[in-house]
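Visitor: Can you read through this structure? Questions will come right after.
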Amino acid sequence: MGIKLDPQYLKRYKEIAGLLMKYGNSDLVKNAGLEEALKDDENLSKQVKGTAEELAADLERLGPAYVKLGQILSTRGDLLPPPYLLALSRLQDNCEPFSFAEVEKIIQTELGVKINKAFAEFNSEPLAAASLGQIHKAKMRDGREVAVKVQRPCIREQILQDLEIFADVAEFYVLHTDLGKKYEFDVMVDEFRKSLLGELDYRQEAQNLETLRRNVAEFDMIVVPYAIDAFTTTKVLTMEFIKGKKVTGITNLERTELNGGPLAEQIFAAYLKQILVDGFFHADPHPGNVLLTEDEKKIALIDLGMVARLTPRIQKQLLQLVIAISEGRADSVANIAVEIGEPKPKFDEQQFRHKVSELVQVDLDANIARMKVGHVIVGITKAAGETGIRVPAELTMLGKAMLHLDEVGRSLDPNFDPNASVRRNAGHILEQRLVNEISPGHLLNTLIEAKDGFEKFPRNINKIMDLVAQNQLSVKVIDEPLLVDSFQKVANRITLGLVLAALIIGASNLMKVPSGFTLFGYPGLAILLFLLAAGGGFALAIQIAFYDQKLQKLGDPDVVSPLVRK
């Protein structure tokens with residue numbers, strides 16, 4: 001049983017079958033029933049093993065969806081051997097430009113005015129042409145130089161068509177082959193779909209630019225172009241023009257005159273903050289998207305079409321993972337990787353731990369200063385695919401980003417040590433995360449959760465009483481006064497915790513109120529409230545610790561847990 005071939009997509013099916021024959025094997029084509037697409041083409045039906053470079057060239061020829069797919073596959077060491085990963089990582093998203101007449105038509109449709117009314121000057125020759133769109137240099141009527149990105153005509157329809165075909169092929173392999181089940185082709189295509197469609201909305205990219213500009217504002221050597229909202233739509237993005245060159249294009253002579261060390265340190269620190277503090281990072285920092293500005297010799301981050309967002313839980317785990325890798329702690333890396341992943345039914349945990357530990361140890365034996373964090377993370381995703389544990393897509397994107405950062409850092413300074421940078425910035429990152437966690441918003445959320453707990457308390461008591469009535473719960477009262485005393489202490493702790501949380505929120509709000517009375521340069525009343533809350537919290541923690549330790553020493557489970565369920 002093969003894929004039901006839709007006649008309108010026959011040309012695309014033939015191209016996919018040709019790729020599978022050339023770079024896979026004939027069984028992949030036969031299992032999917034794609035040999036019908038090749039029946040009229042004797043050249044394609046011959047199984048000729050292609051090289052890694054030929055695969056990259058073929059994907060570029062087939063169009064944007066295939067180029068983007070190749071870029072994602074470049075991080076999947078569990079699917080492809082190293083030569084193919086290297087070739088695909090160098091995929092250039094370059095295409096023939098479309099006509100200026102099409103550019104004028106799209107801009108007039110999107111902005112509602114002719115191009116000569118919207119801009120004082122507009123260069124007809126594009127600065128660059130990629131698979132999804134092309135960029136032109138222009139000048140606003142107020143004199144600002146801008147870069148205008150214009151989406152290719154009908155590209156969205158072509159992308160949607162290719163994604164539908166990919167989904168059909170992936171679904172078939174998942175249902176009918178062990179390879180498809182093992183590597184979850186359907187999940188891969190779904191993640192690919194979300195990423196690619198996100199790149200087709202230029203309004204989202206404009207928002208990404210603004211978010212990143214705000215998040216890296218503290219780094220004086222890093223710039224991000226601003227978008228001009230009034231001249232931005234789904235298919236047109238107008239942003240600040242930044243003149244610069246790729247960091248990998250820096251010559252040895254230029255490098256001697258460049259203060260590359262601090263630049264490399266700042267871009268690495270900025271990415272660590274994006275990933276581990278902000279939970280929002282530029283997921284495609286390949287050399288073409290990282291420029292060295294000509295005037296001020298700063299680092300410019302461009303092309304925010306591909307970004308990643310991280311939950312606080314993933315951030316915490318990634319922070320632990322990156323620090324463990326930077327310190328060469330193989331066992332810790334393996335433990336954290338298992339926690340991050342989601343084991344499948346046939347997960348071989350022992351083999352996974354062995355592969356991850358071996359991966360870190362090999363780099364560590366070479367030289368910890370040269371160990372590449374990105375290389376280790378990509379290796380973890382490869383080991384995960386081979387041993388049966390599902391890792392989040394964010395980990396794969398992080399590995400790709402860190403691989404590019406390693407290259408960027410060493411282009412700026414050949415002696416740059418990314419692992420030392422991780423260790424230098426770890427303390428500041430932890431401090432920023434702590435500030436975020438004790439923010440008024442976070443504490444308010446804690447109070448809301450506590451309120452919900454109190455509201456659910458009567459209902460939970462009713463459930464317990466129902467269990468008692470049905471003889472499904474027995475209660476052993478070892479010492480009634482002790483039981484009452486225990487409940488009283490629990491209630492006191494909860495009440496005190498709420499009071500301390502309220503004091504911290506009050507102190508945070510008072511920090512914004514000017515006051516003549518100050519301590520350590522901050523409003524005095526706010527500092528006093530904060531110190532009072534901190535002291536109370538410390539005392540409460542000690543009291544809880546000593547009380548729990550006392551209960552453990554008693555050694556009687558009936559005393560520790562007066563309520564025992566059958």
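The values are calculated or read from the model by the stated rules, or taken from the named source; none is laboratory data. Predicted model, so just to flag it, every value in this text is computed and none were measured. Neighbour counts run over all protein chains shown; Cβ positions are idealised from the backbone, glycine included.
Visitor: Here are some residues: Lys182, Lys149. Which one is in the same structural domain as Gly70 (by TED's automatic domain parsing), touching a residue at least 12 places away in the same chain (Cβ under 8 Å) and of a type outside the set (Val, Ile, Thr)?
Guide: Testing whether each residue is in the same structural domain as Gly70 (by TED's automatic domain parsing), touching a residue at least 12 places away in the same chain (Cβ under 8 Å) and of a type outside the set (Val, Ile, Thr) leaves just Lys182.
Visitor: Next question, about the same structure. Quick one: how many residues across the stretch 83-95 are surrounded by fewer than 18 Cβ atoms within 10 Å (Cβ to Cβ) and modelled with pLDDT of 75 or more?
Guide: So in the stretch 83-95, the residues surrounded by fewer than 18 Cβ atoms within 10 Å (Cβ to Cβ) come out as 83, 86, 90, 92, 94.
Among the residues that remain, those that are also modelled with pLDDT of 75 or more are: 83, 86.
Residues in the stretch 83-95 being surrounded by fewer than 18 Cβ atoms within 10 Å (Cβ to Cβ) and modelled with pLDDT of 75 or more: 2 in total.
Visitor: So which strands (runs of 3 or more DSSP E) are wholly in the stretch 254-373 and hold at least 1 residues that are more than 17 Å from the chain's Cα centre (by Cα)?
Guide: 290-293, 299-301
Visitor: A further question on this structure: So in the stretch 46-64, with the set limited to residues that are part of a loop (DSSP other than H, G, I, E, B) and closer than 27 Å to Gly379 by Cβ, which one is modelled with the lowest pLDDT?
Guide: Per the stated criteria, the residue is Lys49.
Visitor: From Ser99, Ser124, grab the single residue that is surrounded by fewer than 14 Cβ atoms within 10 Å (Cβ to Cβ) and touching a Phe, Trp or Tyr at 6+ places or on another chain (Cβ under 7 Å). Quick ask: steps written out before the conclusion?
Guide: On the way: Ser99 fails: touching a Phe, Trp or Tyr at 6+ places or on another chain (Cβ under 7 Å).
On inspection, the qualifying residue turns out to be Ser124.
Visitor: While we're here: Are there any pairs, at least 6 apart or on different chains, whose C-beta atoms fall under 9 Å, with the first in the stretch 256-278 and outside the structural domain of Leu301 (by TED's automatic domain parsing) and surrounded by 22 or more Cβ atoms within 10 Å (Cβ to Cβ) and the second part of a helix (DSSP H, G or I) and at pLDDT 90 or above, and if so, which?
Guide: If the second residue must be part of a helix (DSSP H, G or I) and at pLDDT 90 or above, no pairs are left.
Visitor: From the list Ala120, Ala170, Ala128, Ala138, which residue is touching an Asp or Glu at 6+ places or on another chain (Cβ under 7 Å), of a type in the set (Gly, Ala, Ser) and without any contact (Cβ under 8 Å) to a residue 60 or more places away in the chain? So that I can check it myself, show each step before the final result.
Guide: Numbers: Ala120 fails: touching an Asp or Glu at 6+ places or on another chain (Cβ under 7 Å); Ala128 fails: touching an Asp or Glu at 6+ places or on another chain (Cβ under 7 Å); Ala138 fails: without any contact (Cβ under 8 Å) to a residue 60 or more places away in the chain.
The conditions single out Ala170.
Visitor: Another question, then. Among the candidates Lys30, Lys22, Lys11, Lys4, single out the residue that is in a helix (DSSP H, G or I), modelled with pLDDT under 75 and surrounded by fewer than 19 Cβ atoms within 10 Å (Cβ to Cβ).
Guide: Exactly one of Lys30, Lys22, Lys11, Lys4 is in a helix (DSSP H, G or I), modelled with pLDDT under 75 and surrounded by fewer than 19 Cβ atoms within 10 Å (Cβ to Cβ), namely Lys30.
Visitor: Hey, another quick one. Going through the stretch 65-82 one residue at a time, which ones are assigned to a helix (DSSP H, G or I) and either surrounded by fewer than 16 Cβ atoms within 10 Å (Cβ to Cβ) or over 22 Å from the mean Cα position of the chain (by Cα) (or both)?
Guide: Pro82
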